[in-house]
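Chemist: Got a structure for you, written out below as C-alpha cells; questions coming shortly.
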Amino acid sequence: MWLQLSINGICLGAVYALIAVGFAIVFSVLKFSNFAHGGMISACAFMGYFFQASFKKAPPIWVTILFTAFCGVLFALFLDQIAYRSIRRNKSPNIYYFLASLTISIIITSILNVFFSKNPLAYPPLFETTTFSIGALKISKMDTMILIISAALLAALLLLINKTKIGLAIRAVAISPETSKLMGINSSMILIMIFSIAGFLSGVSGVLLGCKYGVYPDLGQTMMVKGFIASVIGGLGSLGGAIAAAFLLGLLEMFWTYVFGSLSTPVMTFVVMLLFLFIRPQGISGKFAKEKV
Amino acid sequence: MTLLQIKDLYVSYGYIDAICGVSMDIEENRITAIIGSNGAGKTTIINAISAIVRHKSGHILLGSAELPSSSNQIVRKGVVQVPEGRKIFAGLSVEENLRLGAYSRHDKDISSSLEAQYCLFPILGQRRAQDAGTLSGGEQQMLAISRALMARPKLLMLDEPSLGLAPIIVNDVFRIIQAIKEQGTTVLLVEQNANKSLAICDYAYVLENGSVIKHGKGSELLADPDISCAYLGRRR
C-alpha cells in the first residue's frame, strides 16, 4: 500500500512541479509571483479541449500538447505586451506586477466562467484501459504519461538553464538586468524568452491537468495554489528547489489523504508552507536569502 | 588615430544638467583619463557612452559611425565598461562570470581566452569554480576587469577601479591597466585617484560640474599648479 501511495504521490508531484517551475522561472528573473499563470493554465486547458474536439477523430495527445504549448507562448507574449511591458518601461515597483498578474488571472477565470459552466468537460479518453498493473500495484496510464512528459520537460529546462549560453544569460539577468546589458546581453529579449517558457509550461500543464481532472474555469487557479506553495517551499526563484518541493508536496498529500482523509488535506498543505516560512524561510534550496551587496 | 570621439555632449537627469557640452578625443592605443571630484560627471560620461543613460544632445562616434542606441549592441561594437563598484555576478562562479564577459563573441576560442585570463590573473584561475560573491574586493575588481577583457574590447572603460581597495592592491590595479594598454587595448580611465591616474595616462581631461576645465598630457597636468592644488593635495 505504501509503495502504491508513493507512486501516486510522485505522479501528483510531477503535475505540481510543472506549475511550480512555471512560477519559479518568472520569479527568479522578475522577482514577482506570476499569479496570471493559473488563469493561463485554465485558458490553455480550454484551448486544448476545443482543439481536440474540433477533429472528428481526435489527434494524438502530443499534437494537442504541442499546439496548446504554442498557444500558451503566444498568450504569454500577448499578456506581457498588454500588462507587463509598461510596468517595465516605467520601472514601477514590483507590487504593480503582482497586482497586474492577479488581475489577469481573475479576468481570465471570470471570462471563462461566463461562457462555460463549472461542470468539468472531459477530454476524450486516451487509453482503452485506465490502468496497468505490476504485481499488486495498479498504476494509472494517465499518471504515467503525465510523469514522463513532466520529467522530460523539467530535465530539458534544467539543461537549458544550467548548461547553455542562453541559460547562463538568463541566470545573469536574474541577478542583475543592468549589469547583464554591459555584457552584451539583450535583457529585454531574455525577459520575453522567460515569459515564453512560462507560457509553454502553462500550455503543457493545461492539457495534462485537463486530461486528469477535466476542464473547468477554476482549474488553473485551484492547481496554481499548489504550484505556488511548492515554489515557496522550494525557495522562491529556485528551479531545483521548486521541483523537489513539488514532489515532496505530492507525496505528503497522498499519504495525508490516505491516513486522515481528503477534507483536511488543503489545511495540511498550507500548514506545511507556514512551517517552512517559520523555520526555513529561504526554502529547501536556500538560495533566496543569498543576496550580496 | 582617434578611436572614440565625443562631440558637444549634454546629459541631464530630470531638470539637472549633469554634463554640459563635453567634447573629448580618445586616441587609439593610449590611456585617456578623466579626473574630477565627486559629482563632476565622470561616471555619467562613461554611462552615456555605454547608453546606460541617454544623452540629450551631442554625438558619440566610434571611428566615424555613431554608436548604437542600446547597451548590448555597444558591447558588440567593442566598447566595454568595467562598472563602478565592480558589479560582478554573485551566485555565479568565477568562470561563469568570465564566460558572460565573452557573451557577445561568437567564435569558438573562448576556452583559450579563459586560459589567457587565468595567466594574467592567476588568483582567478585558482578560484575558477568558486562563487564570485565570496571573492575579496581586490579579487572582485580583477574579475571585473578580466570579465571585460573576455569581450576582446577595442575600448575598455574603467570606472573607479581603485575604489574601496587597499593601497597595495590599488598599485596592482594600475599596473594591470598599463599592461592592458601595452597589449594594444585603448583605455578610458575614470578615477578620483588623480595622482596615480595622471602618472600612468597619456592624456587627461579634468572635469568640474559637468564641463571640461582643463585637458592635456598626463605629465603636464601633474606639473600644473592649479591641478595639483585642487586634486593632488599639494599646497601652493
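Chemist: Take segment B:150-172 and flag every residue that is under 20 Å from residue B:52 (Cβ atoms) and not basic (Lys, Arg).
Modeler: B:150, B:151, B:153, B:155, B:156, B:157, B:158, B:159, B:160, B:161, B:163
Chemist: Working only within segment B:90-131, note down all residues that are facing chain A (nearest Cβ under 10 Å), under 28 Å from residue B:42 (Cβ atoms) and out of contact with any Gly (no Cβ under 8 Å at 6 or more places or on another chain).
Modeler: Answer for segment B:90-131, where residues must be facing chain A (nearest Cβ under 10 Å), under 28 Å from residue B:42 (Cβ atoms) and out of contact with any Gly (no Cβ under 8 Å at 6 or more places or on another chain): B:97, B:100, B:101, B:102.
Chemist: Which numbered condition in (1) free of Cβ contacts under 8 Å to residues at least 24 places away in the same chain; (2) more than 18 Å from the chain's Cα centre (by Cα) is the only one that residue A:66 fails?
Modeler: Evaluating residue A:66 over (1) free of Cβ contacts under 8 Å to residues at least 24 places away in the same chain; (2) more than 18 Å from the chain's Cα centre (by Cα) leaves (2) as the failure.
Chemist: Same structure again: Considering only segment B:78-169, give the helices (runs of 4 or more DSSP H) lying wholly within it that have at least 2 residues that are open to solvent by less than 30 Å² (accessible area, probe 1.4 Å) and over 22 Å from residue B:189 (Cα atoms).
Modeler: B:94-101, B:110-120, B:122-126
Chemist: Can you name the condition, by its number, that residue A:250 falls short on among (1) at pLDDT 90 or above; (2) over 25 Å from residue A:82 (Cα atoms); (3) open to solvent by 10 Å² or more (accessible area, probe 1.4 Å)?
Modeler: With (1) at pLDDT 90 or above; (2) over 25 Å from residue A:82 (Cα atoms); (3) open to solvent by 10 Å² or more (accessible area, probe 1.4 Å) applied to residue A:250, the lone miss is (3).
Chemist: Further question on the same structure: Mind checking which residues of segment B:140-170 are out of contact with any helix residue (DSSP H, G or I) (no Cβ under 6 Å at 6 or more places or on another chain) and of a type in the set (Asp, Glu)?
Modeler: Within segment B:140-170, just B:160 meets the criteria.
Chemist: Then there is this: Restricting attention to segment B:36-77, report how many residues are assigned to a strand (DSSP E or B) and either open to solvent by 30 Å² or more (accessible area, probe 1.4 Å) or among the aliphatic types (A, V, I, L, M) (or both). Break it down into steps so the answer makes sense when it comes.
Modeler: Kept after step one, since they are assigned to a strand (DSSP E or B), are these residues of segment B:36-77: B:57-62, B:65-66.
Of the ones still in play, those that are also either open to solvent by 30 Å² or more (accessible area, probe 1.4 Å) or among the aliphatic types (A, V, I, L, M) (or both) are B:57, B:59-62, B:65-66.
The number of residues fulfilling the criteria is 7.
Chemist: Out of B:117, B:73, B:81, B:126, which single residue is among the polar types (S, T, N, Q) and touching a residue at least 60 places away in the same chain (Cβ under 8 Å)?
Modeler: On the way: B:117 fails: touching a residue at least 60 places away in the same chain (Cβ under 8 Å); B:73 fails: touching a residue at least 60 places away in the same chain (Cβ under 8 Å); B:126 fails: touching a residue at least 60 places away in the same chain (Cβ under 8 Å).
Every option except B:81 fails the conditions.
Chemist: Now for a separate question. Conditions first: (1) touching a residue at least 24 places away in the same chain (Cβ under 8 Å); (2) farther than 15 Å from residue B:155 by Cβ. Residue B:3 passes all but one, so which condition is the exception?
Modeler: (2)
Chemist: Kindly check whether there is at least one residue in segment A:83-92 that is open to solvent by 60 Å² or more (accessible area, probe 1.4 Å) and not basic (Lys, Arg).
Modeler: Yes, segment A:83-92 contains a residue that is open to solvent by 60 Å² or more (accessible area, probe 1.4 Å) and not basic (Lys, Arg).
Chemist: Looking only at strands (runs of 3 or more DSSP E) that fall completely inside segment B:183-236, which ones have 2 or more residues that are more than 19 Å from the chain's Cα centre (by Cα)?
Modeler: On the way: elements: B:186-191, B:203-208, B:211-217.
Fully inside segment B:183-236 and qualifying: B:211-217.
Chemist: Is it the case that segment A:212-227 has a residue that's among the β-branched types (Val, Ile, Thr) and open to solvent by 10 Å² or more (accessible area, probe 1.4 Å)? Step through it out loud before you land on a result.
Modeler: Here is the first cut: in segment A:212-227, the residues among the β-branched types (Val, Ile, Thr) are A:215, A:222, A:225.
The next check asks that each one be open to solvent by 10 Å² or more (accessible area, probe 1.4 Å); those that pass are A:222, A:225.
Among the residues of segment A:212-227, at least one is among the β-branched types (Val, Ile, Thr) and open to solvent by 10 Å² or more (accessible area, probe 1.4 Å), which makes the answer yes.
Chemist: Has segment A:114-125 got any residue that is part of a helix (DSSP H, G or I) and more than 21 Å from the chain's Cα centre (by Cα)? First the steps, then the outcome.
Modeler: Filtering segment A:114-125 down to residues part of a helix (DSSP H, G or I) leaves A:114-115.
In the following step, the residues that additionally are more than 21 Å from the chain's Cα centre (by Cα) were identified as A:114-115.
Yes, segment A:114-125 has at least one match.
Chemist: So residue A:138 clears everything in (1) within 14 Å of chain B (Cβ to nearest Cβ); (2) open to solvent by 60 Å² or more (accessible area, probe 1.4 Å); (3) basic (Lys, Arg) except one condition, right? Which one?
Modeler: Against the list (1) within 14 Å of chain B (Cβ to nearest Cβ); (2) open to solvent by 60 Å² or more (accessible area, probe 1.4 Å); (3) basic (Lys, Arg), residue A:138 comes up short only on (1).
Chemist: Looking at residue A:240, is it within 14 Å of chain B (Cβ to nearest Cβ), assigned to a helix (DSSP H, G or I) and within 16 Å of residue A:150 (Cβ to Cβ)?
Modeler: Yes.
Chemist: Can you pull out the residues in segment B:80-113 that are of a type in the set (A, V, I, L, M, F, W, C) and under 21 Å from residue A:161 (Cβ atoms)?
Modeler: Selection gives B:88, B:89, B:90, B:92, B:94, B:98, B:100, B:102, B:110.
Chemist: It is to be established whether one or more residues within segment B:172-181 are of a type in the set (A, V, I, L, M, F, W, C), in contact (Cβ under 8 Å) with a residue 12 or more places away in the chain, surrounded by 23 or more Cβ atoms within 10 Å (Cβ to Cβ) and not in a loop (DSSP other than H, G, I, E, B).
Modeler: yes
Chemist: Same structure again: Kindly list, by first and then second residue, each pair from a residue in segment A:236-254 that is without any contact (Cβ under 8 Å) to a residue 60 or more places away in the chain to a residue that is open to solvent by 40 Å² or more (accessible area, probe 1.4 Å), limited to pairs with Cβ atoms under 9 Å and residues at least 6 apart or on different chains.
Modeler: Short answer, once both residue conditions are applied: A:244/A:284; A:244/A:285.
Chemist: Could you grab me the full set of residues in segment A:31-56 that are open to solvent by less than 20 Å² (accessible area, probe 1.4 Å) and either without any contact (Cβ under 8 Å) to a residue 60 or more places away in the chain or of a type outside the set (Gly, Ala, Ser) (or both)?
Modeler: Answer for segment A:31-56, where residues must be open to solvent by less than 20 Å² (accessible area, probe 1.4 Å) and either without any contact (Cβ under 8 Å) to a residue 60 or more places away in the chain or of a type outside the set (Gly, Ala, Ser) (or both): A:32, A:34, A:37, A:40, A:41, A:44, A:46, A:52.
Chemist: Follow-up question, since we're still on this one. Just one of the numbered conditions (1) open to solvent by less than 70 Å² (accessible area, probe 1.4 Å); (2) in contact (Cβ under 8 Å) with a residue 40 or more places away in the chain; (3) farther than 30 Å from residue A:244 by Cβ is not true of residue A:118; which one?
Modeler: Single failed check for residue A:118: (1).
The values are calculated or read from the model by the stated rules, or taken from the named source; none is laboratory data. All values derive from a computational prediction rather than experimental measurement. Counting neighbours? That spans all protein chains shown, and the Cβs are built from the backbone with ideal geometry, glycine included. Accessible surface is based on the protein model in full, side chains and every heavy atom, while ligands, DNA and RNA are left aside. Shrake-Rupley method; radii C 1.70, N 1.55, O 1.52, S 1.80 Å.
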